[in-house]
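Trainee: Before anything else, here's the structure in question.
Where a number appears in this text, it was derived from the coordinates with a stated rule and is not lab data. All figures in this text were calculated on a predicted structure; none of them were measured in a lab. Don't worry about glycine lacking a Cβ; one is built from the backbone with ideal geometry, like all the others, and counts go over all protein chains shown.
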Amino acid sequence: MPRSLHGDQEIRMEAVRRKIPYTTTTSAAEAAVEAMEALQKGKFSVNSLPETEQPGTAG
């Protein structure tokens with residue numbers, strides 16, 4: 001296994017072991033930060049998937 005992949009695997013395993021959230025993309029990290037900020041502010045809602053679908057999209 002290439003060294004970089006081995007290091008990535010160790011990071012993921014350690015994050016899981018310590019119950020630390022981690023993301024593998026910057027877009028996922030941005031979404032996680034937005035979610036944490038909404039939780040702190042108490043400004044969030046929960047919707048079912050059909051409620052979140054945009055009109056005119058395939059589903």
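Trainee: Using DSSP to call loops (not H, G, I, E or B), can you name the trypsin sites (Lys or Arg not before Pro) in the range 6-42 whose Cβ has at most 16 other Cβ atoms within 10 angstrom?
Mentor: Here the trypsin sites (Lys or Arg not before Pro) that fit, given the DSSP loop and packing criteria, are ARG18, LYS19.
Trainee: Here's something else I'd like to know. Please give the FRET efficiency for ALA35 paired with HIS6, using the beta carbon to beta carbon distance and R0 = 35 Å, rounded to the nearest 0.05.
Mentor: Plugging the Cβ-Cβ distance into 1/(1 + (r/R0)^6) gives 0.70.
Trainee: Once you have the Cα-Cα distance between ARG17 and VAL46, take 0.36 nm times their residue separation minus that, and quote the gain in nm to one decimal.
Mentor: Full extension of this stretch gives 7.6 nm more.
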